[in-house]
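Working notes, beginning with the structure itself.
The values are calculated or read from the model by the stated rules, or taken from the named source; none is laboratory data. Keep in mind it's a predicted model, so treat the numbers as computed, not measured. Positions of Cβ are backbone-derived with ideal geometry, glycine not excepted, and every protein chain shown enters the neighbour counts. Quick note on the areas: whole protein, heavy atoms, side chains included, nothing else; ligands and nucleic acids left out. Shrake-Rupley method; radii C 1.70, N 1.55, O 1.52, S 1.80 Å.
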Amino acid sequence: MDLGAITKYSALHAKPSGLILQYGTAGFRTKAEHLDHVMFRMGLLAALRSKQTKSTIGVMVTASHNPEEDNGVKLVDPLGEMLAPSWEEHATCLANAEEQDMQRVLIDISEKEAVNLQQDAFVVVGRDTRPSSEKLSQSVIDGVTVLGGQFHDYGLLTTPQLHYMVYCRNTGGRYGKATLEGYYQKLSKAFVELIKQASCSGDEYRSLKVDCANGIGALKLREMEHYFSQGLSVQLFNDGSKGKLNHLCGADFVKSHQKPPHGMEIKSNERCCSFDGDADRIVYYYYDADGHFHLIDGDKIATLISSFLKELLVEIGESLNIGVVQTAYANGSSTQYLEEVMKVPVYCTKTGVKHLHHKAQEFDIGVYFEANGHGTALFSTAVEMKIKQSEQLEEKKRKAAKMLENIIDLFNQAAGDAISDMLVIEAILALKGLTVQQWDALYTDLPNRQLKVQVADRRVISTTNAERQAVTPPGLQEAINDLVKKYKLSRAFVRPSGTEDVVRVYAEADSQESADHLAHEVSLAVFQLAGGIGERPQPAETTCSINNAFGLGTANKHTV
Ligand code: 16G
Ligand code: MG
């Protein structure tokens, strides 16, 4: 390690003194102008992690669904996974070290993690379309280079594409080719093969409207569309040619407001979907003939996918297990439907993809989705073995095995991926001959409401049982329990956000009015018992209009 060079270059990426940032649920995120030093240092850290694991490490520059002025960075571990927790701590220490302490922190990390500094390092870098991203990704590269690491700059990529590249490079090409062309071809080939097997493909020309959040998803989908155009025609909206990134559009906007994005004309019964700013989330929606807006979120996507995969497993006659992983935000109706109607075991983990991903790896087929639309399916080697043996099976079973093989290729198993999920969903709808309304009708979501509460220190709230119960502050859970008892089919929980300085409140109940009341009452309990600051939470009617103006909260009913 050339400490002299590190100090010299670090001074060119100086840390604003006193600035403290946390490697949160999905890396560092804040205003872009505060991130130059973090980027340089994450370049250094990625090189160390690469030396330690003797593998390629990824660095993605994006702030996902956050406003355009923000940016962020996250590291991608060797198998396309999120960074290991102990390294998240190193990332926080390194990002917050004052200039004069940088060297010591770097040496500490290398020693603690037994990094062989003579080992080669290789880091791949990707970035989203934010105006600040190009310069910031250059700072990452400076960090990698000063530690003697090699790099490949992929330039503009969706976050899941970067995960895919890392996974491909560390599995000797077995998973796929680590190029954009390789990604497009792998997914499109699987999709077109699947679609060909749809017996009812003739009755409806398959087309889909896609809101790209004015982000990277638009560029990449445009590059890709001709690869799969024989199976699906996509019409892109919010493609970045005029609107602002994530502004009044994108998956996060649609999910949290339960409203369509701006900039998209929707006729009744047209199938539409929205990506988020870095294309790792997707939600679907449509207007019915009466002009009501229907959101199909991550829970319903998980239901469609897992029921299809379960059918394939039954067809093959195999005792391979399948499980669905959700978070506390999953709508109660979805959990009930999965468990009671589909008879699929459901597990709940803490919020954040790494938790769901980890749990899903325990199954032969693990389907995980957050309600916000981030998710994928993971397949064990046992499933791949079964497919290989299917040559000897009878015709019908062989067909199911072939479908399963294509589905496995179509999923981005390195990360939730809006493009990959979109193609999986479109293929399943075609194969099952389902309309968007029929899919939506699988179950009815319980009305729900999400709110935010400002408190002096959100760390006073700690939770257990996959965030469904508050342990501290004392009395809060008891208060929530008493409030929940007042409503039918009700449930509520609170948790400190991992990405914003707020406490999040979630409530669901048998009617929108009840869900709104419950959410408001729980917000008041948080405000009183967890050190609320600023204005007291307002009742739902008022918060509804305020929230919508500021891009918060949800409104379940929307009529055109
Ligand atoms: C991040 C997470 C997402 C989670 C969200 C929760 C990843 C890649 N992304 O966006 O999974 O739902 O944070 O945010 O892990 P919150 O803690 O502010 O509610
Ligand atoms: Mg995202």
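Spatially close Lys pairs in region 298-416, defined by Cα atoms under 21 Å apart and a spacing of eight or more places or different chains, total 23. Diffusion coefficient of region 448-530 by Stokes-Einstein, Kirkwood radius over Cα pairs, 4 °C, 1.567 mPa s: 105 µm²/s. Put a dot 7 Å past the Cα of Met385, heading toward its Cβ, do the same for Asp457, and the two dots end up 5.2 nm apart. For the chain, the alpha-carbon radius of gyration amounts to 0.96 times the rule-of-thumb value 2.2 N^0.38 Å expected for a compact globular protein. Temperature 4 °C, viscosity 1.567 mPa s: under these conditions the Stokes-Einstein estimate for region 3-156, based on its Kirkwood radius over C-alpha pairs, is 87 µm² per second. Kirkwood radius, region 298-416, all distinct C-alpha pairs, inverse of mean reciprocal distance: 14.3 Å. Taking 14 Å as the straight-line reach from the Cα of Lys112, the aspartates and glutamates in range (excluding those fewer than 8 positions away in the same chain) are Glu88, Glu89. Only Lys, Arg, Asp and Glu carry charge here, each on its Cβ (+1 for the first two, -1 for the last two); on that basis the chain has a dipole of about 440 debye about its Cα centre. Scaled against 2.2 N^0.38 Å for its residue count N, the alpha carbon radius of gyration of region 182-296 is 1.08.
Take region 102-182, drop everything but the C-alpha atoms, weight them equally and run the Debye formula without solvent; then report log10 I(q)/I(0) at 0.14, 0.18, 0.19 Å⁻¹ to two decimals. Calculated log10 I(q)/I(0) at the listed q: -0.60, -0.89, -0.96. The share of accessible area on region 1-58 that comes from carbon and sulfur is 54 percent, using a 1.4 angstrom probe.
Solvent-accessible surface of region 25-93, averaged per residue with a 1.4 angstrom probe and all protein chains in place: 27 square angstrom. Sorted largest first, the principal axis extents computed over the alpha-carbon atoms of region 407-455 equal 46, 30, 12 Å.
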